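The structure under discussion appears below in the form of structure tokens.
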């Protein structure tokens, strides 16, 4: 009886493990296949011209440099607004905020910001920045919109990085006559910096890939020249891919995959950078 | 002997209702080692943390009474706590080195104080390491990370770190509790030198350490001061029964 | 000098405190704007019409039910895929796979999560939809099913990541205790580890589903954009229109302050409230669990 019972359980376990392994394969293999497919299909389009030249023939030829530069500007703009504010907010939550209802409300607000659909951010950006504040369809409006969207990511990861720093450091610093801000500035923040940087990289990576928030706030499809000021509209990589794959007739497949490949390389690159920063920080840690 | 610190009727209550200190009256003489001993929960650490106002960070519900340092009440709301903490240094039970070099640990307090003169840094580093009996072991590798030191060395570094600020009082909360006997005796020897310049208040981790190091000793039980006497008397001839019970190891 | 330091410290503390409260300010601003531009729709369009089944703005038909049903259909479809696969992969990574394999696979899953939604929509148009059309013999590959599959793919990394953290956080002692009592690893997973991590896993699922509801570009590119009321899961094989795609597709063409404009904002308001509800429920679960002193990662 015992042997039968055991055998039955072993069989269940074997089946169960196989099922889960299968499910994992079914998830992982398409990812790998997709990446390879994009690389294979898109590589022929990649040339120095492609990433440095302007588009011609209604985007069907030439390069995509304005989209690349546009995404760069938008990412920079997002960073300028969201990084200082996000880090400061995280410092407040980690180092200053008492455990009371007001703090819970802040945390709830952050969770909510994180969950708002990207297209609703686009609506908000349109209503507030483009129309009400009269910035027009501009890099400024789009960056501000993306910043608010990126804020919760930066706040969460920064707070986590700050909390990982041992409390004993703070106690020692205070006992040596340090103020709370001195303690943060000289000890806590520097030690949390790698974690913060990782979070910023991942947050900005997400912002750079978003289309819906910039659809009505700053993105344009065809601009004759690069943007001159923050009040100009701009091309952007994700938006560019969207338009050329849905709205331009007879767009060469090669160009579409090439654009997708550029985006893919960007994402992989940022992920790798974040992993690298995380790994080096772990190795160099002094606690 | 003049009193460096006078504690008058100190009562402390934490916000979870526990009463930590109850009407403490205690004199701490200058240039001597005063030992606060007793079983856990007696309030000894709470007193230390009142002396450098580190209790401000804890969940303290109520504090009444006075603590006079050189005649000034440091529990007063107008007290400059930052300056107080430089005057009253603290060494914790577990050695907590900051994530910097040895030198960086020592100069940290001076940087906080806004000391700009580089010459003062070098001088403070050497002086404090020598007083903490650590100079010989680390003087040639001051830029190494402090975390690389052994436990006993780290604790002496923490001691040196407090000394670098030239305090007037040193608070030590079970400073040798994790250390081996050799490191322990090194720390205790350093204290003998230190009390010549400073006032030392020590919470020992054993009655034996209390007996070894104290000029004066105060026995605490459940937040009350039971007995206070010179070290030569209290361990050999305690006056209160509870004190004798504890010293003889009948409880604790 | 000390006074100078005090003044600086005070200013910096004030700035930091303000930054902390900024999140509340932003959420309130967003809510306010959605209300400001969306509520007029309620007065401009009779309630019965607003909740009718015909969405044809050109002729002033503003029935949003087809859009809501489109979103629900695609999200439910995505959930059917993401929940089992997400939790399954999370269990595999956390409990079954050897360390080296896990360290190799986890970045791959994170990569999927980091892919911009346009890229997935793009692949949907070029690869997935034609494949589905051919293999399932459909008139068009741009259907709710394509959307559901892709959204499931987008939600899986979220579910995997958070669930895996939650499973990882279950103390080793729980597993050891079960194994010591003679349970197999499989039994341990299902009877001990997973229940212990259940609030983290539940949070993961809710966040994954929340992400699906809010997805815009992918659905806009592959679901066919036909605002027809979906009546059941069978309609997975037809084109649909989600709320998010509607806003994205039509916002560019509306006149400012027109009725159409207001209705689109109203839809945005509905989306905002849905995500609010999902998030508040998820956080209430987490908060209750934290009070029970279990470690949960959100």
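Shape verdict for region C:1-101, please, from the Cα gyration tensor: rounded (a/c under 1.5), prolate (a/b greater than b/c) or oblate.
Because a/c hits 1.5 or more and a/b fails to exceed b/c, region C:1-101 counts as oblate.
Could you check what % of the DSSP bridge pairs in the protein assembly as shown are antiparallel, to the nearest 5? Can you show the working numbers first?
Values: 28 of 46 bridges.
Here the share of antiparallel DSSP bridges comes out near 60 percent.
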| field | With Cα atoms, 0 to 90° folded angle of helix B:118-131 axis to chain B main axis | value | 50
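May I ask what percent, to the nearest 5, of DSSP beta bridges between residues of region B:3-247 are antiparallel?
On the way: 24 of 40 bridges.
Looking only at bridges with both residues in region B:3-247, the antiparallel portion is about 60 percent.
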| field | Radius of gyration and Dmax over the Cα atoms of region B:3-247, both given in Å | value | 17.9, 55
| remark: Checked region B:154-221 with the C-alpha gyration tensor, a ≥ b ≥ c its square-rooted eigenvalues, rounded below a/c of 1.5, otherwise prolate if a/b is larger than b/c and oblate if not; verdict oblate
| field | Kirkwood hydrodynamic radius of the protein assembly as shown, from inverse mean 1/r over distinct Cα pairs, in Å | value | 30.8
| said: Considering only C-alpha atoms, what is the centroid distance from region B:7-37 to region C:205-253, in Å? | reply: 68
| Hey, what angle do you get for helix B:181-197 against the long axis of chain B, alpha-carbon based, 0 to 90 degrees rounded to 10? | 90
| Separation of region B:152-173 and region A:236-287 by C-alpha centroid, Å? | 52
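Kindly provide the helix-only [θ] at 222 nm of chain C, computed as the sum of -39,500 (n - 2.57) over DSSP H runs of four or more divided by all residues, to the nearest 500 deg cm²/dmol? Walk me through the intermediate numbers first.
Numbers: 14 runs with 207 residues, N = 298.
Helix contribution divided over all residues of chain C: -22500 deg cm²/dmol.
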| remark: FRET efficiency for residue B:192 and residue C:280 from the Cβ-Cβ distance with R0 = 51 Å, rounded to 0.05, comes out at 0.25
| query | Which angle between 0 and 90 degrees, to the nearest 10, do you get for helix B:151-163 versus the longest principal axis of chain B when only C-alpha atoms count? | reply | 90
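For region A:66-282, what is the convex hull volume of its Cα atoms per residue in Å³?
Working: hull volume 28.9 nm³, N = 217.
Hull volume normalised by residue count: 133 Å³.
State the extension gain, in nm to one decimal, for the chain segment bounded by residue B:126 and residue B:40, taking 0.36 nm per residue of separation less the distance between their alpha-carbons. Kindly include the intermediate steps, with their values, before the conclusion.
Working: separation 86, 0.36 × 86 = 30.96 nm, distance 3.65 nm.
Length gained between residue B:126 and residue B:40: 27.3 nm.
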| remark: Heads up, region B:81-158 by the C-alpha gyration tensor (a ≥ b ≥ c square roots of eigenvalues; a/c under 1.5 rounded, else a/b over b/c prolate, else oblate) looks oblate
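Can you figure out the FRET efficiency of residue A:49 with residue A:246, using R₀ = 35 Å and their beta-carbon distance, to the nearest 0.05?
Working: r = 24 Å, r/R0 = 0.70.
Once rounded, the FRET efficiency stands at 0.90.
Taken together, the values in this text are just the output of simple stated rules run on the coordinates, not laboratory data. Keep in mind that this is a model prediction, so the values were computed, not measured. So basically every Cβ, Gly included, is an ideal-geometry build from the backbone, and we count neighbours across all protein chains shown.
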